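Reading through the structure tokens given below for one structure.
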Amino acid sequence: MMLLTILSLVFMTNDTINHNQNNQNNNNMKFELIKLPYATDALAPVISQKTIEFHYGKHLQTYVNNLNNLIQGTQFENAALETIVTESEGGLFNNAGQVLNHNLYFTQFSPNGGGQPTGKLATAINEVFGSFDNFQKEFETAGVGLFGSGWVWLAADHAGKLSIVKEPNAGNPVTKGLTPLLGFDVWEHSYYLDYQNRRADHLKELWKIVDWNVVGGRLK
Ligand SMILES: [Fe+2]
């Protein structure tokens, strides 16, 4: 009986230590990989399961890990993601920017997406671009014309006026005081497994999975 009591005390202590260590680790991991709002194969054939597994599971996870490592011991240790993106530079900016960019990217799609925006966003698009068709053309042209790696964004200013913003590498319109609404990733890692060099074809296909409720909800 005595032995059992001692053993259970030992196990309890070990459990408590492990539990505390896990909490400690969780506290240190400030930023976590976002959860996808769909299954990894749900966006196929526009984006294949394989591309999601690499793009989300490997590339985004690496940006998250790098960000968590790079903020340690800096003024950004407890900062919000958008604050880090707007105020940091160098490697920290690149990784924070890519976490923000991909969080917006992966949550703006749905297997039930496509069609056209409605309400305030539709009105705002028509005001600036004349029509949804024309907006799509200009957005695709901007994405195709972006040299190298980067992002094409639909962004809104404080008055709700829209513009198309081309950003190189990890750029995000928040650094210009704008709100990002929709972002197409034109890094080759986002499309090369499925479309190889055909970036224009990939961008054209993406419209089929855009969740306009999510994108419209970003317009304040
Ligand atoms: Fe990407």
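The values are calculated or read from the model by the stated rules, or taken from the named source; none is laboratory data. Not measured: the values here are computed from a predicted model. All Cβ positions, even for glycine, are placed from backbone atoms using ideal geometry, and neighbour counts span all protein chains on display.
Among the candidates TYR56, TYR63, which residue alone is of a type in the set (Ser, Thr, Tyr) and in contact (Cβ under 8 Å) with a residue 40 or more places away in the chain?
From the options TYR56, TYR63, the qualifying one is TYR56.
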- In segment 70-99, residue nearest to the ligand (Cβ to nearest atom) [restricted to those that are of a type in the set (Val, Ile, Thr) and in contact (Cβ under 8 Å) with a residue 12 or more places away in the chain]: VAL99
- Note on the structure: Taking segment 152-171 and keeping only residues that are under 16 Å from PHE135 (Cβ atoms) and part of a strand (DSSP E or B), one is left with VAL152, TRP153, LEU154, ALA155, ALA156, LEU162, SER163, ILE164, VAL165, LYS166
- Message: If the requirement is being modelled with pLDDT of 50 or more, among the aliphatic types (A, V, I, L, M) and part of a helix (DSSP H, G or I), which of these qualifies: LEU9, LEU36, LEU67, LEU43?
- Response: LEU67
